Amino acid sequence: MNALIFAVLAAAVALAYYGYSYTTEAAVERSEQQIMEDLAEEKVNAVESQVVEADNALLHNVQLDQLDKLPEQVRTSDPWISSVFVLDEHLKVVPGGTAASDDPKQAVANRDWYLANVIPKLPKPLRLDERMHAYGRHDDRPYLLAYMKKQLGDRTYYVVVEDNVFQLMLWVFPKVFESQHASKLLYQVFDDRGSRAYGWPYKYNTYAPVQFSDTLDGWELRVIASQPPAESALRHQHAVDSVLIGGAVTIILVGLAFLALAIRRERRANELKSDFISNVSHELKTPLSIITMFGEMLANGRTKSPEQATEYAEIIYREGVRLDRLIENVLDFAKIERGMGVYEFAEADLGDVVTRAVDLAARRLQTAEMTIDVELEPDLPQVKIDANAVTLAVLNLVDNAIKYASSGKRVALTLKQEDHRVVMAVRDWGPGIEAEEQAKIFERFYRAKAMRLKPIRGSGIGLALVQHIARAHGGDVSVTSKPGEGATFQLWLPI
Ligand code: ADP
């Protein structure tokens, strides 16, 4: 029982530990997610601030009255800035207001395309000297414009800077993403159409994406852990966890079931025990009062004839024997209950033991007006037994036949060898035992219902004792009975 309680406790502690570790694991995962998002945001800022800085430097430096410097300004600016054009307040290119890092002819065509298709749709800057940006696609090619409203004297004009997206990716992304963290983390940039524009095509463990907002609108950055958690290791861990948790739950359930069963058994045993105490007290009291009564009569010489005196003495003797048997039963049973080594085995002739027990019961059989047929197979082998214990067992069986089956008038006792066993059978022709009670009568303190109603005294430990004795010898005892036709108790011992 202690081991069981310990197992249930251990299982409960294991479950509690799992619950705790799962919540902390989830918390760690959440904070890791937060870190990754912060990191992604920092990286997006790093990319955008580089672009914005380059844009701003150029946007601020271009002056309407120094347009001759324009080509030089473009050439010396960051490599992804591909062209600049300066527009008047009506969005017309001012003379000398175009400069490009590549082929001038293409630059003009490019500029005109923007003027025709993009510039008119752009939101007008409300404030002066503030960078605005526009991202979009031209013939599937992404473009990025930065523009600014400026003023010279009373003239308003616009400066537009064209950033080449591919050059930008080439120059800025590696610098930002391949820094000191590269060994542990990987970055992926997805464009506004959701295709991967930068990074390795890993699919595992991506964290919540962070959007670009000041330059490449609609693009996003994802951070991924470079070491994928080994899938099989995860699955293995999961299986181990499941088995452990399942095991803990099973132990708890089985433990509780056992406890419930033990409590039920204990409660039943307690009920039977209190029955037993009242039975035994009664059993002790009755013979004692008979002995006292007849003893007193004899002592006072209140007998009519010598025959009557003998009869009284016989009654006293009978009750004395009964008392002795009962006390022996109770004491032996108590010893067995306490689990003491009560048996002393020695080679003996089972036939002799049975004969002696029958002799001891002869007088009571006679009083009950019963006869006993004893049939002993000759030349039975010697067996290793505790002769006293076996005598007690035989006496209990014969006594029960006298007590419960005296109506049948006879008892038959046989002893014979069957294979490697010696089998003793005690048959009576009494009321028999109900089928559902046949197993229960061997339980300690149990008495059959029909017998409890009759004024037959008993303690309910006789058959429990017989069973214990038989099993201690490596044998067993069983009963076969048809109600109304008597009962046969079979006790076998191994040779
Ligand atoms: P006790 O005789 O003190 O009641 P036992 O353990 O010897 O205790 O017997 C248990 C029960 O088995 C008895 O109460 C009785 O109901 C039943 N029993 C035992 N032997 C017989 C028998 N030969 N015929 C009918 N019932 C029996």
Per the helix-only model, the chain has a calculated mean residue ellipticity at 222 nm (DSSP H runs of ≥4, -39500 (n - 2.57) each, divided over all residues, rounded to the nearest 500) of -17500 deg cm²/dmol
Highest mean packing first, using Cβ neighbours within 10 angstrom, the peptides 264-277, 472-485, 402-415 sort as 402-415, 472-485, 264-277
In the chain, helical segments from DSSP H whose Cα atoms cover 27 Å or more along their own axis and that average at least 0.0 on the Kyte-Doolittle scale are 2-61, 231-299
If unit charges are put on Cβ atoms (+1 for Lys and Arg, -1 for Asp and Glu) and the dipole of the stretch 253-326 is taken about its Cα centre, the option from M297, F258, I277 lying farthest towards the positive end turns out to be F258
Expected unfolding gain across L298-D192 under the 0.36 nm per residue rule, minus the alpha-carbon gap, is 25.9 nm
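Sort 245-255, 214-224 for me by packing, meaning the mean count of neighbouring Cβ atoms within 10 Å per residue, highest on top.
Values: 245-255: 15.2, 214-224: 20.7.
Descending mean neighbour count gives 214-224, 245-255.
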Cα-based Rg and Dmax for the stretch 264-404, in Å, come out at 18.7, 58
For K43, counting only aspartates and glutamates whose alpha-carbon sits under 16 Å away and dropping same-chain residues fewer than eight positions off, the answer is E53, E178, D191, D214, D217, E220
Along the dipole axis of the stretch 294-443 (charges at Cβ: +1 for Lys and Arg, -1 for Asp and Glu; origin at the Cα centre), the most positive-end residue among I385, L413, A348 is L413
For the pair K175 and A26, the simple spin-label estimate (label points 7 Å beyond Cα toward Cβ) gives in nm 4.4 nm
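What FRET efficiency would be calculated for the residue pair E443, V240, taking the C-beta separation as r and a Förster radius of 30 Å, to the nearest 0.05?
Numbers: r = 44 Å, r/R0 = 1.48.
FRET efficiency, E443 to V240: 0.10.
Rounded to the nearest 20 debye, what is the charge dipole size of the chain about its Cα centre when +1 sits on each Lys and Arg Cβ and -1 on each Asp and Glu Cβ?
Values: 55 positive and 68 negative charges, 410 e Å.
Charge dipole, the chain, about its Cα centre: 1980 debye, nearest 20.
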Full extension between E328 and D65 adds, at 0.36 nm per residue less the Cα distance, a length in nm of 81.6 nm
Rounded to the nearest 0.05, FRET efficiency between R318 and R264 (Cβ-Cβ, R0 35 Å) equals 0.30
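Going down the list K403/K454; K304/K454; K335/K403; K124/K150; K273/K409; K105/K150, which pairs span over 22 Å between their C-alpha atoms?
Flagged as over cut-off: K304/K454; K335/K403; K273/K409; K105/K150.
Taking 0.36 nm per intervening residue step and subtracting the Cα-Cα distance, what contour gain separates K416 from D129 on full extension? Walk me through the numbers on the way to the answer.
Working: separation 287, 0.36 × 287 = 103.32 nm, distance 12.17 nm.
Roughly 91.1 nm would be gained on extension.
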Taking a crude spin-label model, label points 7 Å out from Cα along the C-beta direction, the L15 to E37 distance in nm is 3.4 nm
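Rule-based calculations on the coordinates, nothing more; no lab input. Since we're looking at a predicted model, the values are computed, not measured. Methodologically, a virtual Cβ is constructed for each residue, glycine included, from the backbone with ideal geometry; neighbour enumeration extends over all protein chains shown.
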